[in-house]
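Here the structure is laid out as structure tokens; the discussion comes afterwards.
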Amino acid sequence: MIDGYGRKINYLRLSITDRCNLRCQYCMPEEGVEKLKHSDILSLEEIDEMVSAFVSLGINKIRVTGGEPLVRNGIVSLIEMIRRHPEIKDLALTTNGLLLKQMAKSLKEAGLDRVNVSLDSLKPEKYFRMTRGGSLETVLSGIEEAKRVGLTPIKLNVVIIGGFNDDEIVDFVRMTEDEAIDVRFIELMPIGEVAKWSIKNYLPNKVVLEKVPELIPVVSQDPASPAQYYKLPNGKGKVGLISPISCKFCTNCNRIRLTSEGKLKYCLHSDEEFDLKKALSDKLDLTEYIQQSILNKPLEHHIGKGDIVMRNMVQVGG
């Protein structure tokens, strides 16, 4: 599947729920957001039908997201459904890790390859405060269980937040010294109702290189990856910098997104959407509808130049 600028689209970010068991400050307001009705969310069967259409068009990499995907009833069955498509070469999931300890083994047996875990502090009190109630100990035990069952390589996603965790950058980087784990630092993005909060607490990713100047660039990198990777000398893992604001990576973008209510999105940083759930109910040819939509994928987003995405991150899929 090729877009209008000749980019090969082979990666689907698949959001399966707008529900989450945390209330992270950069993701949603303290009171939460209005939840979708159950009838508005794609059923497992609808998701599978859409995945089949995407696979037929060349999608071979899928990441399951939310909200928090592990709170979705039937998540293990869904992983089994997706894994039945032999064309899928990489099936991953992004989670906050709270339910990972009890679910890791079942997910691995269902066919999940690996997990990314969102983790913005290594200090219990700070983690509790930023997530509005999360347990760092529970997340860390979930990560250990994921390692044990083979949901690897594990990537930790760390959102850099000025005045909150910029003093922990060195600690996160040191995690890659003795373990084959990737720590990826992500810039805060002005999305949804907390956009102004994000702008106020934004730090560019270059602060990581300033705090850890011994990091060296990884020479061989996937041009479609949003992260620029570095390593400590003799480090077993890598340090990734994902910089959608200070150094966006649109030129080599290979992904599209599907929200939990069936809206096709070109980009996390765009409010433009196409209703695949309606297309499915109207008995339209999904492959043709998707293909025509992808031809209109824009060259780049304009976040960082004043644009703000109106929908909250939890509603879009991280």
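Per-structure values
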quantity	calculated
Calculated FRET value between R84 and V170, using beta carbons and R₀ = 51 Å, to 0.05	0.70
Choice from D182, D90, D282 showing the highest fluctuation, given a GNM over the chain with Cα pairs closer than 10 Å	D282
Fewest-first ranking of C250, C20, C267, using other Cβ atoms within 10 Å as the exposure measure	C250, C267, C20
Exposure proxy ranking, count of Cβ atoms within 10 Å, fewest first, for F164, F172	F164, F172
Approximate spin-label separation I2-S77, in nm, with each point projected 7 Å along Cα-to-Cβ	4.1 nm
Segment E144-K200, extension gain: residue separation times 0.36 nm, minus the distance between their alpha carbons	16.7 nm
Under Karplus coefficients 6.51, -1.76 and 1.60, residue-wise ³J(HN,Hα) of segment 60-74 in Hz, glycine/proline x	10, 9, 10, 10, 8, 9, x, x, 9, x, 6, 8, 6, 4, x
Residue with peak Gaussian network fluctuation, the chain [Cα springs, cutoff 10 Å], from T259, T152, T65	T152
Which listed pairs, of K196/K238; K123/K265; K61/K101; K61/K126; K236/K297, have C-alpha distances above 29 Å, in listed order	K196/K238; K123/K265; K61/K126; K236/K297
Spacing of the two label points (7 Å from each Cα toward its C-beta) at D285 and V207, in nm	5.1 nm
Folded to 0 to 90 degrees: helix 44-56 orientation relative to the chain principal axis, Cα	90 degrees
Calculated from backbone phi, Karplus (6.51, -1.76, 1.60) coupling profile of segment 75-91 in Hz, x at Gly/Pro	4, 5, 4, 5, 4, 4, 4, 5, 5, 5, 7, x, 6, 6, 8, 9, 10
Amide H partners (placed H, <5 Å) of G262, local residues excluded	L42
Interchain or long-range residues, amide H under 5 Å from C20's placed H	E68
Estimated [θ] at 222 nm from DSSP helical runs (n ≥ 4, -39500 (n - 2.57)) normalised by residues in the chain, nearest 500	-8500 deg cm²/dmol
Contour excess over end-to-end distance, with Cα ends at D275 and S56 and 0.36 nm allotted per residue	77.0 nm
Cα gyration tensor shape of segment 252-292, rounded if a/c is under 1.5, else prolate or oblate by comparing a/b with b/c	oblate
Sorted by Cβ neighbour density within 10 Å, fewest at the top, the residues C27, C253	C253, C27
Separation between Cα centres of segment 270-290 and segment 100-160, rounded to whole Å	33 Å
Placed amide H near K297: partners under 5 Å, 5+ positions off or other chain	G4
GNM flexibility winner over the chain from K101, K263, K278 (Cα, springs under 10 Å)	K278
At most 16 other Cβ within 10 Å, DSSP loop - GluC sites (Glu not before Pro), segment 151-253	E179, E214
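Every read-out reported here was derived from the displayed coordinates using simple, explicitly stated rules and does not represent laboratory data. This is a predicted model, so every value here is computed, not measured. When we count neighbours, we look across all protein chains shown, and the Cβ atoms used for this are built from the backbone with ideal geometry, even at glycine.
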